[in-house]
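The structure under discussion appears below in the form of structure tokens.
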Amino acid sequence: MIVRNAQLALPNADSPVGGDLRIKDGLIREIGTALSGSDEAIDAEGLLVMPGAIDPHVHFFDPGYNHKEDFYHGTAASASGGVTTVIDMPDTSDPAAIDAASIRAKRDHVAARAVIDFGFFGGISGLLCDDRLEQRIAEMSTEVCGIKTYATSGAEHFPRVSHYQYWRILELTRKHNCIVLVHAEDFDYVNGATPDARAGGDGGMQFYRSRPEIAETLSVFSVSEIAEQLGAQMHIVHLGTARAAEIVAGRRFSSGETCPQYLEFDCNDFERIGAALKITPPVKGPQNKAALWRMLAEGAIDFVASDHAPGTVEEKSTGSIWTDYAGIPGGPILFPYVFSEGYLAGRFGLKRLLQICSQAAAERYRIADRKGSIAVGKDADLVFVDPDGTTLIRGADSLSKGKVTPYEGRTLRGRVIRTMLRGNTVYHADQGILSEPGSGAFVRPNLDDSQ
Ligand SMILES: [Zn+2]
């Protein structure tokens, strides 16, 4: 097959290059102009053709909590937003993915449902720091893109990791060449602040006060200091605090991600949006947003992720902010948001956009041998974008099971026209999902890559 007349977004180029792609057996075989051959052709005239976006932080709740989401709806929604690879979190399925056997079982279950490629993170909770800890880490390290942990946990079945347990875990992940991901909120601070915040009232601003900037900063400093002392690889997920992002940027062994929700919203928006904006960690004070954008543009924040975690309408409107579900269905808007508000708004150029949406996560999680850029020999994972189109966000129209979104009614610039996975069109804007459940494949890290 040949993709013709595209504006190609090639790695490290500051502007798109007019050209064609030859695709065979799911791989990019040739990049050039006026490629000859009688192969099937797709005309991409007027469209920017970019590497498929990678969403390295989703919760698809499968198996176990399928009233919220499943791998079919989750991957379909991601595909509609230009994503071709997701990496799913370990703690929001039942059973949790915590060792080789549970990872195999989850993989076999979700593989029949996925329409885009998927990798996993394995999980270690405070309960799992026992004499089988090394065995779990060793057997997971060849199958998963990293090990997810919580410095403060919201789930009883998956409790937090203490500082000393982080020390033990990081000694072992360094030995087994695996990266540790941290949900970084300081347990002591949150535990102390929450009763006071609850006594102060019932609203989004009170929820923010239970987990403000200092809760994130204290935790990020502590856990990344342990990683620094040990020389162990660490990644801080969903940064919402400029100071915390600065700490990460100053570390040698830690990287960081932020999410559109921390770039777009702040705690003052709770008044207008209510529990549709409730996420953990909560959005922070308005002074953070411009600094997060700047650090993302400069590379101090490595990449973006959605932290896709939908709740049902009922779960998102229980009558109290303290019991409303914390999570939003961010998967389908991750790439369209960053394309519109980052690239088209002029906050960064094409080269940085590609790093933020595909390349940097592929390299950090060691899947860049196949994913993350348009290059000969890599998977033909592509997103075709009309930069002159628009995208209206309406929860009811989403392919996710999650319909409650803080972006309701928002219009973004640019429109995803086609999403292609290994040469097959998964999604087309006029036709919806075109692939069968089960067409997505499991992605393992390339163990020859060093982090
Ligand atoms: Zn998450």
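The values are calculated or read from the model by the stated rules, or taken from the named source; none is laboratory data. Note that the structure is a prediction, hence the values are computed from the model and not measured. Reconstructed Cβ throughout: ideal geometry from the backbone, glycine too, with neighbour counts over all protein chains shown.
Working carefully through the options Asp130, Asp117, find the one that is surrounded by fewer than 19 Cβ atoms within 10 Å (Cβ to Cβ) and either away from the ligand (no atom under 14 Å from the Cβ) or acidic (Asp, Glu) (or both). Can you show your working first?
Details: Asp117 fails: surrounded by fewer than 19 Cβ atoms within 10 Å (Cβ to Cβ).
Matching residue, one of Asp130, Asp117: Asp130.
Listed by first and then second residue, the pairs linking a residue in segment 226-252 that is in contact (Cβ under 8 Å) with a residue 60 or more places away in the chain to a residue that is within 16 Å of the ligand (Cβ to nearest atom) and basic (Lys, Arg), with Cβ atoms under 9 Å apart and 6 or more places separating them unless they lie on different chains, are Val237/Lys148. Checking the stated criteria, Thr173 turns out to be in contact with a strand residue (DSSP E or B) (Cβ under 6 Å, 6 or more places away or on another chain), assigned to a helix (DSSP H, G or I) and in the same structural domain as Ser254 (by TED's automatic domain parsing).
Scanning segment 36-91 for residues that are within 16 Å of the ligand (Cβ to nearest atom), part of a loop (DSSP other than H, G, I, E, B) and among the acidic types (Asp, Glu) yields Asp62, Glu69, Asp91.
If you go through segment 285-311 one residue at a time, how many are touching a Lys or Arg at 6+ places or on another chain (Cβ under 7 Å) and assigned to a loop (DSSP other than H, G, I, E, B)?
Looking only at segment 285-311, we keep the residues that are touching a Lys or Arg at 6+ places or on another chain (Cβ under 7 Å), and these are 293, 297, 302, 310-311.
In the following step, the residues that additionally are assigned to a loop (DSSP other than H, G, I, E, B) were identified as 302, 310-311.
Selection size over segment 285-311: 3.
Report yes if some residue within segment 243-260 is closer than 15 Å to Glu185 by Cα, within 16 Å of the ligand (Cβ to nearest atom), surrounded by 20 or more Cβ atoms within 10 Å (Cβ to Cβ) and of a type in the set (Ser, Thr, Tyr); otherwise report no. So far as segment 243-260 goes, yes, one or more of its residues are closer than 15 Å to Glu185 by Cα, within 16 Å of the ligand (Cβ to nearest atom), surrounded by 20 or more Cβ atoms within 10 Å (Cβ to Cβ) and of a type in the set (Ser, Thr, Tyr). Taking the listed residues Ile98, Ile103, Ile28, the one that is among the β-branched types (Val, Ile, Thr) and within 20 Å of Leu354 (Cβ to Cβ) is Ile28, with no other qualifying. Looking only at segment 341-364, decide whether some residue is more than 16 Å from the ligand (Cβ to nearest atom), farther than 29 Å from Asn446 by Cβ and buried (at least 19 other Cβ atoms within 10 Å of the Cβ). Looking through segment 341-364, none of the residues is more than 16 Å from the ligand (Cβ to nearest atom), farther than 29 Å from Asn446 by Cβ and buried (at least 19 other Cβ atoms within 10 Å of the Cβ). Just one of the numbered conditions (1) buried (at least 22 other Cβ atoms within 10 Å of the Cβ); (2) not in a loop (DSSP other than H, G, I, E, B); (3) not polar (S, T, N, Q) is not true of Glu314: (1).
Scanning for something aliphatic (A, V, I, L, M), within 16 Å of the ligand (Cβ to nearest atom) and at pLDDT below 95, does segment 135-155 turn up at least one residue? Before the answer, list the steps.
Within segment 135-155, the first condition is being aliphatic (A, V, I, L, M), and the residues that meet it are 137-138, 140, 144, 147, 151, 155.
Still in the list and also within 16 Å of the ligand (Cβ to nearest atom): 144, 147, 151, 155.
Right, trim to at pLDDT below 95 and you get 155.
There is at least one residue in segment 135-155 that is aliphatic (A, V, I, L, M), within 16 Å of the ligand (Cβ to nearest atom) and at pLDDT below 95.
Any residue at all in segment 365-377 that is outside the structural domain of Ala276 (by TED's automatic domain parsing), crowded, with 23+ Cβ neighbours inside 10 Å, not in a loop (DSSP other than H, G, I, E, B) and not basic (Lys, Arg)? No. Checked against the criterion of being more than 16 Å from the ligand (Cβ to nearest atom) and either outside any strand (DSSP E or B) or surrounded by fewer than 17 Cβ atoms within 10 Å (Cβ to Cβ) (or both), the candidates Arg168, Arg160 yield just one match: Arg168.
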